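Okay, structure first, notes after.
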Amino acid sequence: MTAELTDTAAPTTHQGILDFVSEVATMTTPDRVYWCTGSDEEWVELTDALVATGTFTRLDPEKKPNSFHAASDPTDVARVEDRTYICSVEEKDAGPTNNWMEPSEMKDLMRGLYAGCMKGRTMYVIPFVMGHLEAEHPMFGVEVTDSAYVTASMRVMARMGTHVLEKMEELSADFVPAIHSVGMPLAEGEADVAWPCNDTKYIVQFPEERAIWSYGSGYGGNALLGKKCYALRIASAIARDEGWMAEHMLILKLTNPQQVTKYVAAAFPSACGKTNLAMLEPTIPGWKVEAIGDDIAWMRIGDDGRLWAVNPEYGFFGVAPGTNEHTNPNAMKTINKGNSVFTNVALTEDGDVWWEGLENMPARATSWKGQPWTPDSEELSSHPNSRYCTPIKQCDMLAKEYDDPRGVPIDAILFGGRRKTTIPLVTEARDWTHGTFMGATLSSETTAAATGAVGVVRRDPMAMLPFIGYNAGDYFSHWINMGKQNDAAKMPKIFYVNWFRRDDEGGFLWPGFGENSRVLKWVIDRLDGQAAAVETPIGHVPAPGALDVEGLDVTEDDLARALAVDVDEWKAEIPQITEWFEKFGDDLPTVLWTELDGLKARLGA
Ligand SMILES: Nc1nc2c(ncn2[C@@H]2O[C@H](COP(=O)(O)OP(=O)(O)OP(=O)(O)O)[C@@H](O)[C@H]2O)c(=O)[nH]1
Ligand SMILES: O=C([O-])CC(=O)C(=O)O
Ligand SMILES: [Mn+2]
């Protein structure tokens, strides 16, 4: 580490922060403590140091200015859901979908792991705020980490630095203390490796205490603790207590040819299309999409009784493979401006990055594993969960409302998953409770965003399965109550979409990406009753001819199959939903059983 980034004296009088930092330093014994400022000089020093240790490779500034390639340890590539715990005081408060351990037992165990774990390293102190610093109740955090990579990434993903620390001091603010260590202390004189980590991993949330302890991984949601750990797991517990919602949702602004504006939030599981939808380029003339968020939405009832959403993040942590000028031109423009970190993609000979699905396949490259790669190689050049980390402000199509601490009033919520069968392109819920049923029974094939088997259908309620920071049965009740306690007419309408239905040969029935604007149009037109729908056992679907398919290159047969409600496929779903609901015992709101009974009756099941 360069001389500049060493032992900065504590730049705050906030006693809670001072105590937290000194307690962690005493436990983990770093060689140095560095308080992050968020300055440009700090970025230069951090990234220079990361280049010096071999973690970063600087990309050609002509292609990607001020940008870097990183390759993780091949065992540390995604969120580790089996190592993720909700350590509530009572086991039942973690519910049947979370791993649990008694908090003091977990703390004893982790204190053992943390003891001396930062030896030989610098401990970075990152004061950050999720959401706006000017919010009515700013949501502060302090992450301490022994990873310069995490520090550089947190600078992109969250508002952080001296101005945040000063505000915390001014308000004597509460904050979420978040401890992160890669779990690889260095002995005297021992050389570091490019991606330190530990085979033992724990990603732990203490929901009552509002604290996060993470150990052993340097990757993504395991390590950038403002994201999944705070803005979803801890925030969902806070939101339940305070009557708001923390959801795994993109937020977009949609403007129609008559300049009428609507706001849509959408919950899809990891690697199921949130970033792509948030940055969509409509294929239908006169329509415009602007992005507000691509992963997380915090939603509160406003004075007007509507549900207002903000994106608490400051950057995009997007899936690289599949991203290209056709599927997501706006992501390409954003990353091409530079100031980005690319992890686990291929490095080309001319100092750029490449991944599967990107244009201009190189004749030779270095794979994410550091091996020579050519188009004939059997292995992929990039890990399927490789990511770009890029500042949100670089996105030209970011809506101006992103900067408004009040957020935007949501008109429609979409749930969606990755299903080869059964789930039609789009279905409208009858009401909020039915929409909650759709969300609670959401299913999707697993992806590479988490370790474990890929392509297995699992229930992923509201796309929050790995992120609900408390009992999922109580979470469903909270959803139901949000509808009951507020003016139903002002709550968003709920829809269920599936871009991933397949034909018999395994091809997608629906072209997706920009063409999804046609579905958004139907959704928006439904809000004021302009688009026709037919009632089916599972909800309202577009009436024949109601979906705008002008100029769309899809056969009538494929379109019909994408939209079809197949009663037999749905009957097969019933035992799975029943089994899923039974997991929650008495904690499942009875109205969800009533919804299931209604569905069964309508299907004749
Ligand atoms: N077939 C098809 N694939 C899509 C569509 N939208 C996105 N994808 C693919 O799905 C993968 C993940 O898309 P993202 O938009 O990054 O997913 P995400 O939900 O933001 O993922 P996380 O960042 O993990 O939360 C990429 O490989 C995309 O190319 C679509 O409409 N149709
Ligand atoms: O958390 C991560 O590592 C990446 C992400 O956005 C997700 O998995 O939903
Ligand atoms: Mn995500």
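The single condition from (1) out of contact with any His (no Cβ under 9 Å at 6 or more places or on another chain); (2) surrounded by fewer than 23 Cβ atoms within 10 Å (Cβ to Cβ); (3) touching a residue at least 12 places away in the same chain (Cβ under 8 Å); (4) not β-branched (Val, Ile, Thr) that residue 518 fails is (2). Would it be correct to say that residue 401 is without any contact (Cβ under 8 Å) to a residue 60 or more places away in the chain and away from ligand 1 (no atom under 15 Å from the Cβ)? It is false that residue 401 is without any contact (Cβ under 8 Å) to a residue 60 or more places away in the chain and away from ligand 1 (no atom under 15 Å from the Cβ).
The residue that is nearest to residue 484 (Cα to Cα), among those in region 587-605 that are surrounded by fewer than 14 Cβ atoms within 10 Å (Cβ to Cβ) and free of Cβ contacts under 8 Å to residues at least 12 places away in the same chain, is 590. Here residue 500 does not fit the description of being surrounded by fewer than 20 Cβ atoms within 10 Å (Cβ to Cβ), hydrophobic (A, V, I, L, M, F, W, C) and touching a strand residue (DSSP E or B) at 6+ places or on another chain (Cβ under 9 Å). The residue that is farthest from ligand 2 (Cβ to nearest atom), counting only those in region 481-505 that are touching a residue at least 12 places away in the same chain (Cβ under 8 Å) and of a type in the set (Gly, Ala, Ser), is 488. Looking across region 292-314, the residues that are small (Gly, Ala, Ser) and either more than 14 Å from ligand 3 (Cβ to nearest atom) or in the same structural domain as residue 342 (by TED's automatic domain parsing) (or both) come down to 302, 305, 309. Taking residue 447 as meeting all but one of (1) over 21 Å from the mean Cα position of the chain (by Cα); (2) within 15 Å of ligand 3 (Cβ to nearest atom), write down the number of the exception. It is condition (1) that residue 447 fails.
Take the conditions (1) out of contact with any helix residue (DSSP H, G or I) (no Cβ under 8 Å at 6 or more places or on another chain); (2) more than 11 Å from ligand 2 (Cβ to nearest atom); (3) of a type in the set (Gly, Ala, Ser); residue 231 misses just one of them, which is (2). Of everything in region 206-234, what is in a helix (DSSP H, G or I), among the hydrophobic types (A, V, I, L, M, F, W, C) and within 16 Å of ligand 1 (Cβ to nearest atom)? Give them in sequence order. Selection gives 223, 229, 231, 232. Checked against (1) touching a strand residue (DSSP E or B) at 6+ places or on another chain (Cβ under 6 Å); (2) assigned to a loop (DSSP other than H, G, I, E, B), residue 177 passes all but a single condition, namely (2). On inspection, residue 192 does not qualify as crowded, with 24+ Cβ neighbours inside 10 Å, in contact (Cβ under 8 Å) with a residue 24 or more places away in the chain and away from ligand 3 (no atom under 16 Å from the Cβ). The residue that is modelled with the highest pLDDT, counting only those in region 428-478 that are of a type in the set (Ser, Thr, Tyr) and out of contact with any Asp or Glu (no Cβ under 9 Å at 6 or more places or on another chain), is 475.
Summed over region 372-385, residues that are surrounded by fewer than 22 Cβ atoms within 10 Å (Cβ to Cβ) and over 22 Å from the mean Cα position of the chain (by Cα) total 8. Flag: residue 89 does not match the condition of being under 28 Å from the mean Cα position of the chain (by Cα) and under 30 Å from residue 381 (Cβ atoms).
Residues that are surrounded by 23 or more Cβ atoms within 10 Å (Cβ to Cβ) and over 19 Å from residue 100 (Cα atoms) within region 462-478 comprise 462, 463, 476, listed in sequence order.
Answer yes or no: is there a residue in region 322-339 that is touching a His at 6+ places or on another chain (Cβ under 8 Å) and within 15 Å of ligand 3 (Cβ to nearest atom). Among the residues of region 322-339, not one is touching a His at 6+ places or on another chain (Cβ under 8 Å) and within 15 Å of ligand 3 (Cβ to nearest atom), which makes the answer no. Scanning region 1-21 for residues that are loosely packed, with under 14 Cβ neighbours inside 10 Å, modelled with pLDDT of 55 or more and either on the phi > 0 side of the Ramachandran plot or in a helix (DSSP H, G or I) (or both) turns up 7, 15, 18, 19. Among all residue pairs at least 6 apart or on different chains, which show Cβ distances below 7 Å where the first residue, located in region 263-283, is not assigned by TED's automatic domain parsing to the domain that holds residue 299 and the second is more than 7 Å from ligand 1 (Cβ to nearest atom)? Here the result reads none, with nothing in region 263-283 linked to a residue that is more than 7 Å from ligand 1 (Cβ to nearest atom).
Going by the structure shown, is residue 200 surrounded by fewer than 20 Cβ atoms within 10 Å (Cβ to Cβ), over 30 Å from residue 124 (Cβ atoms) and away from ligand 2 (no atom under 16 Å from the Cβ)? It is false that residue 200 is surrounded by fewer than 20 Cβ atoms within 10 Å (Cβ to Cβ), over 30 Å from residue 124 (Cβ atoms) and away from ligand 2 (no atom under 16 Å from the Cβ).
Against the conditions (1) under 21 Å from residue 527 (Cα atoms); (2) within 15 Å of ligand 1 (Cβ to nearest atom), residue 423 satisfies every one except (1). From 506, 512, 529, grab the single residue that is loosely packed, with under 14 Cβ neighbours inside 10 Å and under 26 Å from residue 276 (Cα atoms). Selected residue: 506, the only one of 506, 512, 529 that is loosely packed, with under 14 Cβ neighbours inside 10 Å and under 26 Å from residue 276 (Cα atoms).
For region 255-277, filtered to residues that are near ligand 1 (Cβ under 6 Å from one of its atoms) and in a loop (DSSP other than H, G, I, E, B), the residue that is surrounded by the fewest Cβ atoms within 10 Å (Cβ to Cβ) is 271.
The values are calculated or read from the model by the stated rules, or taken from the named source; none is laboratory data. Because the structure is predicted, anything quoted here is derived from the model rather than measured. All Cβ positions, glycine included, derive from the backbone under ideal geometry; neighbour counts span all protein chains shown.
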